[in-house]
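The values are calculated or read from the model by the stated rules, or taken from the named source; none is laboratory data. Small disclaimer: the values here were computed from a predicted structure and weren't measured. Here Cβ is always computed from backbone atoms with ideal geometry, including for glycine, and neighbour counts include all displayed protein chains. Quick note on the areas: whole protein, heavy atoms, side chains included, nothing else; ligands and nucleic acids left out. Shrake-Rupley method; radii C 1.70, N 1.55, O 1.52, S 1.80 Å.
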Amino acid sequence: MKIVSVVGARPEFIQAAPVSRALRQEHHEVLVHTGQHYDDRMSRIFFEDLDLPQPDYNLGVGSGPHGRQTGEMMARLEEVLFREQPDLVIVRGDTNSTLAGALAAAKLHIPLAHIEAGERSFNKRMPEEINRLVADRLADLHFCITRRAVQHLAREGITEGVFFVGDVMLDAVRIYLPRALERAPALLEQLDLSPGGYLLVTVHRAGNTDSPHRLAGVLSALNAIPEPILFPVHPRTRQALSRYGLQAADHVRLIEPVGYLDMLALEAHARMILTDSGGVQREAYFLGIPCLTLREETELMETVEVGWNLLVGTDPRRIVEAWRSFRPRGPRPPLFGDGHAAERIAAVLRQSPPRFGQHYRW
Ligand code: UD1
Ligand code: UDP
């Protein structure tokens, strides 16, 4: 089978790595990079860290408002799909690259698979929620990371072509963690951090970076927490901090975004993680690191319910209080499968090659 895999943003490169490995054993994969993320530290470094094959196409779309960015991606993807005539298009997650890939494939009647289907925050103000709703509606095959995602789809009338396979991000942790841990001692020394002696922070969600009030809330909490803090800053957040004139205290180290192996090493040795990232919340769970989620809701309510993740929003008092008191200790059930999701995806494609519109009956 010829498969076009669409990637464009940081988490998609990470998710693509285990899937590419599994698919390339029996299929011809054409990797298309939309160019949504393009800085070396948001793109190239992941291809190196993950030994991901170079993209067959880089559409070079870059940044822009939602309509222009998604529209440009669709126009350029359409040309690629015309030329390649694939048997399947795979999109993952919930970015504008996901949305453009899903729409371009569906309009050309090409079967579509969505990895990480059925995730819901039930907050339609998030651009990601809109992207996932559309991708799930259009997909012929839905690969879910949790059983709850399967239930979300069922509630929306999507019950066929739905597979609980587990999370390919857990596959990535299984594959790359040993390599990441090897480089941890040198990395921590270079950053002057000790294992278990710092907090790791990431913030990039539009809901937080586009609001001076919310971003100021996060920063004021970090400034008030007396513990070393490492904060690899997404370019969007870097711009927002400077736009709003927000300053970090000396113990809050703002650094450039790091590559995947360094990030895994930093997560594994953090005492606690504070984040608004979907991927980082999941990795905190996989690695058994307590997580404070800087949002009002999360797609990953299972991790909250078992006690390893706490929703704290961006109110500084709430964050500092949670930093002081949150000490999860209970079991971590295998909510996200066993780290072999990519192989399951390959097996599904082997057993039932997708056809366009095959489940369109609800
Ligand atoms: C996107 C996804 C989000 C995902 C995140 C992963 C959408 C709507 N959002 O958010 O779901 O969690 O990626 O990181 O698709 N920028 C650079 N260099 C880059 C990339 C971006 O400077 O390489 C800056 C640009 O100013 C750009 C801004 O970051 O306007 C936002 O980038 P964009 O890709 O639109 O959204 P993200 O916030 O990265
Ligand atoms: N990540 C990384 N370097 C960083 C920040 C994040 O490698 O400086 C990784 C992180 O480990 C996870 C993924 O990027 O695997 C999550 O991406 P992001 O937070 O950008 O997006 P989201 O998961 O929220 O869509």
Practice task
Take Arg282, Arg44 and sort them by solvent-accessible surface of the protein heavy atoms, 1.4 Å probe, largest at the top.
Solution key: Arg44, Arg282
Problem - For segment 85-231, the spread of Cα positions along each principal axis, largest first, Å - result: 54, 40, 30
Practice task
Any chance you could tell me what percent of the C-alpha pair distances in segment 187-263 go past 22 Å?
Solution key: 22 percent
Exercise for the section: Might you tell me the accessible area per residue for segment 181-325, computed with a 1.4 Å probe and given in Å²? Expected result: 38 Å²
Fill in the blank from the handout: Residue span Asp250 to Arg83: 0.36 nm per residue of separation minus Cα-Cα distance leaves a gain in nm of 54.8 nm
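Treating only the Cβ atoms of Lys and Arg (+1) and Asp and Glu (-1) as charged, compute the dipole magnitude of the chain about its Cα centre; round to the nearest 20 debye.
My answer is approximately 640 debye.
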Exercise for the section: State the percentage of accessible surface on segment 66-128 attributable to carbon and sulfur atoms; use a 1.4 Å probe and exclude ligands, DNA and RNA. Expected result: 49 percent
Handout entry: Projected-area average for segment 303-358 over all orientations - Cα convex hull basis, square nanometres
Key = 7.0 nm²
Fill in the blank from the handout: One quarter of the C-alpha convex hull surface, i.e. the mean projected area of segment 181-325 in nm², amounts to 7.8 nm²
Problem - Of all accessible heavy-atom area on segment 181-325, the percent that carbon and sulfur account for (1.4 Å) - result: 53 percent
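According to the Kirkwood expression over distinct Cα-Cα pairs, how big is the hydrodynamic radius of the chain, in Å? Provide the component values of the computation, followed by the final result.
Details: mean 1/r = 0.0483 Å⁻¹.
Across the chain, the inverse of the average 1/r is 20.7 Å.
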Exercise for the section: Would you please name the trypsin sites (Lys or Arg not before Pro) within segment 317-362 that are DSSP coil residues with at most 15 other C-beta atoms within 10 Å of their C-beta? Expected result: Arg329, Arg355, Arg361
Problem - Charge sum, other residues only, whose C-beta stays under 15 Å from Ala75's C-beta, Lys/Arg counted +1 and Asp/Glu -1 - result: +1
